[in-house]
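All remarks here apply to the structure that follows.
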Amino acid sequence: MTNEKKVVVDLQGIIKRFYIGQPNELQILNGMDIKVHEGEFVAIVGESGSGKSTLMNIIGALDRPTEGSYFFNGEDISKLSDKKLSNIRNKQIGFVFQNFNLIPRTSALKNVEIPMMYAGKGRKERTNRAKELLEIVGMAERYDHNPNELSGGQKQRVAIARAMANDPALILADEPTGALDTKTGRIVMDIFHKLHKSGKTIILITHSPELAKETERIITISDGSVVSDTGTKVQDAGGENNDAV
Amino acid sequence: MMLFENLRQAYNSLVLNKKRTILTMIGIIIGLSSVLLIVSVGDVISNIAEKYLINATGGNTIYFISGIDVDGDIDHKPERRYPFTEDEIYDFIDSTNGEILDISSNSSVNVSGNFMLDDKHKSNVTMQGVTSSYEITSKMRLTNGRFFNRNESRYGKPVIVISDIAAKALFGSSADAVGKVLDFQGQVSVPQYDPETYMPLDDVVIKVSGNVVVLGVYEYISDGKSADIRTDDMETAVYCPSQFINDIADLEESSSVNGFNIVQFVPADPTDTTTAQDMIRNFALEKYGSDEDYRFTVKDQMAMLSTITGAVSIITVAFIVISAISLLVGGIVLMNTMLVTVTERTKEIGIKKALGARNSTIRAQFLFESALICLISCAVGVFLGMFFGMIIESNLDRIISLVPNEGIQYFLLNSDIHVTPSLNAIIISTTFSLAVGLIFGLYPANKGAKMQPVEALRYE
Ligand SMILES: Nc1ncnc2c1ncn2[C@@H]1O[C@H](COP(=O)(O)OP(=O)(O)OP(=O)(O)O)[C@@H](O)[C@H]1O
Ligand SMILES: [Mg+2]
């Protein structure tokens, strides 16, 4: 295995403030530098309110940093337009949320199809791929069920299948097992391991030290700053060059 | 590709909030229906006005009003009247080389009674007073003999024209009728009015009798309305000069002749009356032209009609504007509903954005929903319009019987009235409603489209 991998996520001096210009202005991220390489499985831990989700939203292009640069796959996306960001979210990033966030009154199959629909894929291709993905997460028999007819664990598996729909480079999971019991959480975690083995880059936020230990690398956050990083086992493909592809 | 998905989602959303959807639709349906109704009513009124004017006189007559210019200064009040005598008018008509056939016949006085040849052959009839132009304006076809001419009409000669049915009953055949003399006995009912209050009094009934000569026989044509079967003893109209009835009943001359301030001329060519109108103008100016105060009106019925339909269409437009306001209210209701919908689905918008939906995707989804609400409302509104139109149309006889004027009742029953909305009305109202749907749907849709993904996702 080569130790030279390209950098998927490269955060440089990321600062996030809320209520900017108001008396209650709040700085949540205090200049973070994080690099994640292709194929890494990273856990982000930290106490509640430390800024993990805020960080994750920036990594996922759902939110823009107040200051700093964010290179995603070598491209600075911190200043991109809404339209370009939605494109990146659609094709390059897959989200898994703590509370599943399936679209209500819409079958499991349709939920998985939605990102492909936004990507402009044809109906047949969509359906086939969605069925395939549901099969992988063990939800093949439930494809025509609506979210309100599924258990939490089942919903989360559908959500993971949906995150995989457009075969994104990066999967972001914000406490994906937080709403599940240990046993169901285990099933979900196993799916992430499977995805990691197939080469996906995964960033996982978790409150469980056990689950964090299963990953390759643990980044600990406190009060908006990285306080510890077990470190990457790979080297940058292009040394310190941020533009490395 | 997204179309079907948008449709599915819009449908889901409408079904999910059934009550809200229905209330919103009611708002739009009311607005749409009022526009539809107003446009339809305008159409019906112009239609009736047209038919009424044409039917009432059977053609395009020319009004001559001496002393008043109806399009002129309404404050102009001449000191004196500018009448024409009967002789002047007939001499004028004689001088037009046939451009003008006669004055119009609108005598309201009839004789009802019996005609008899001998004791065996009699016939119950109504004798109707008309002028010589009636032959043309009523489009009647004579099978034998002729209609009375202008002079016979003018001097009230005792001549009549009867139907082929009456001819057969009285004489055996149409050919045998011409030139025969008939006795008649009957009565004339003359409406009376209190000279001070103008309240109607009891009719004065005048007994009349005399001899008349049959000049011609016309072919009776069923009007096709009443399901009548041509029978030998049926009662058909007999025509005589109005002036004849005036003479035998010793009446004042009928109103159209009486004042001679207003005369209705029947032109030979109803399609182009310009020559006839010019002649009438010259005729008027010849007598009173030297008087600076003299004003007059010469207008044919088509011109009168366009004045009326013009007024109707102005009123219609005014009402459309008013009913468009109710559509506006419907639009505001729709906007409110969509704002609630968008807010309710904030979380869903956040999820979709996280999955890569663009602003335009979200906007299209909500616009689609408001357009769907409007389209369904339009369909329901148009359907209701047709449904109620059909109900009204099938009960038209009963509705018309409520009209307090028998003459108008008769006229309405005989004019083919359609109450169902015209294509024109449907197109106008549907376009209005769809425009309202899109305009008022745009603001909520944009509001949804512009939501920041993180904030939308955090929405509880
Ligand atoms: N949109 C916002 N406006 C104002 N404050 C915010 C906003 N988003 C996050 N915060 C604040 O930023 C801080 C960090 O929040 P964040 O959700 O990132 O914490 P977290 O580390 O994910 O916590 P948890 O483990 O409980 O999920 C919190 O104090 C929160 O109140
Ligand atoms: Mg969090």
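For region A:166-205, a tally of residues being polar (S, T, N, Q) and modelled with pLDDT under 95 returns 4.
Evaluate the following for B:Ile93: is it closer than 27 Å to B:Tyr155 by Cβ, at pLDDT 85 or above and assigned to a helix (DSSP H, G or I)? Answer is yes for this residue. Looking at region A:40-151, what strands (runs of 3 or more DSSP E) fall wholly within it and have at least 3 residues that are within 12 Å of another protein chain (Cβ to nearest Cβ) and either buried (at least 21 other Cβ atoms within 10 Å of the Cβ) or not aromatic (Phe, Trp, Tyr) (or both)? Filter on region A:40-151 gives A:93-96. Of all the listed residues (B:Ser326, B:Ser370, B:Ser360, B:Ser313), the sole one being in contact with a Phe, Trp or Tyr (Cβ under 8 Å, 6 or more places away or on another chain), part of a helix (DSSP H, G or I) and either among the polar types (S, T, N, Q) or closer than 30 Å to B:Leu32 by Cα (or both) is B:Ser370.
The set of residues in region A:1-20 that are within 17 Å of A:Arg64 (Cα to Cα) and surrounded by fewer than 12 Cβ atoms within 10 Å (Cβ to Cβ) comprises A:Tyr19, A:Ile20.
Kindly establish whether A:Ser50 is farther than 23 Å from A:His196 by Cα, over 14 Å from the mean Cα position of the chain (by Cα) and within 16 Å of ligand 2 (Cβ to nearest atom). Yes.
Here is the figure for region B:6-36: residues that are farther than 19 Å from B:Ser433 by Cα and surrounded by 18 or more Cβ atoms within 10 Å (Cβ to Cβ) total 3.
Given the criteria closer than 23 Å to B:Gly72 by Cβ, free of Cβ contacts under 8 Å to residues at least 40 places away in the same chain and in the same structural domain as B:Ser433 (by TED's automatic domain parsing), does B:Gly289 qualify? Considered against the rule, which asks whether it is closer than 23 Å to B:Gly72 by Cβ, free of Cβ contacts under 8 Å to residues at least 40 places away in the same chain and in the same structural domain as B:Ser433 (by TED's automatic domain parsing), B:Gly289 comes out as no. Scanning region A:8-39 for residues that are within 16 Å of ligand 2 (Cβ to nearest atom) and within 14 Å of another protein chain (Cβ to nearest Cβ) yields A:Lys16, A:Phe18, A:Ile28, A:Leu29.
Considering B:Ala49, B:Ala10, B:Ala56, the condition of being small (Gly, Ala, Ser), assigned to a helix (DSSP H, G or I) and modelled with pLDDT of 85 or more is satisfied by B:Ala10 alone. Counting the residues of region B:62-87 that are farther than 22 Å from B:Met302 by Cα and modelled with pLDDT of 85 or more gives 0. Among the numbered conditions (1) surrounded by 17 or more Cβ atoms within 10 Å (Cβ to Cβ); (2) more than 30 Å from B:Gln301 (Cβ to Cβ), the only one that B:Leu3 does not meet is (1). Taken over region B:380-412, the criterion of being modelled with pLDDT under 70 and either outside the structural domain of B:Thr24 (by TED's automatic domain parsing) or part of a helix (DSSP H, G or I) (or both) is satisfied by B:Glu406, B:Gly407, B:Ile408, B:Gln409, B:Tyr410, B:Phe411, B:Leu412. Checking each residue in region B:342-372 for being surrounded by fewer than 22 Cβ atoms within 10 Å (Cβ to Cβ) and more than 10 Å from chain A (Cβ to nearest Cβ) picks out B:Thr343, B:Glu344, B:Thr346, B:Arg363, B:Ala364, B:Phe368, B:Ala371, B:Leu372.
State which residue is nearest to the other protein chains (Cβ to nearest Cβ) when the search covers only region B:433-452 and only residues that are within 30 Å of B:Ser40 (Cα to Cα) and surrounded by 22 or more Cβ atoms within 10 Å (Cβ to Cβ). Checking each candidate, the answer is B:Gly441. Go through region A:15-43 and report how many residues are of a type in the set (A, V, I, L, M, F, W, C) and within 9 Å of ligand 1 (Cβ to nearest atom). Summing the residues that are of a type in the set (A, V, I, L, M, F, W, C) and within 9 Å of ligand 1 (Cβ to nearest atom) in region A:15-43 gives 4. Just one of the numbered conditions (1) part of a helix (DSSP H, G or I); (2) buried (at least 22 other Cβ atoms within 10 Å of the Cβ); (3) not hydroxyl-bearing (Ser, Thr, Tyr) is not true of B:Leu375: (2).
For the residues A:Val112, A:Val137, the requirement of being more than 21 Å from B:Ser360 (Cα to Cα) and aliphatic (A, V, I, L, M) singles out A:Val137.
Tell me, yes or no, whether region A:70-79 has at least one residue that is within 16 Å of ligand 2 (Cβ to nearest atom) and modelled with pLDDT of 95 or more. Looking through region A:70-79, none of the residues is within 16 Å of ligand 2 (Cβ to nearest atom) and modelled with pLDDT of 95 or more.
The set of residues in region B:135-151 that are touching a Ser or Thr at 6+ places or on another chain (Cβ under 7 Å) and assigned to a helix (DSSP H, G or I) comprises B:Thr137, B:Arg150. The residues listed here are A:Ala165, A:Ala173, A:Ala159; of these, the one that is within 16 Å of ligand 1 (Cβ to nearest atom) and either among the β-branched types (Val, Ile, Thr) or within 27 Å of A:Met117 (Cβ to Cβ) (or both) is A:Ala173.
The values are calculated or read from the model by the stated rules, or taken from the named source; none is laboratory data. The structure displayed is predicted, hence computed values, not measured ones. Heads up, the Cβs are rebuilt from the backbone with ideal geometry, glycines too, and the neighbour counts pull from every protein chain shown.
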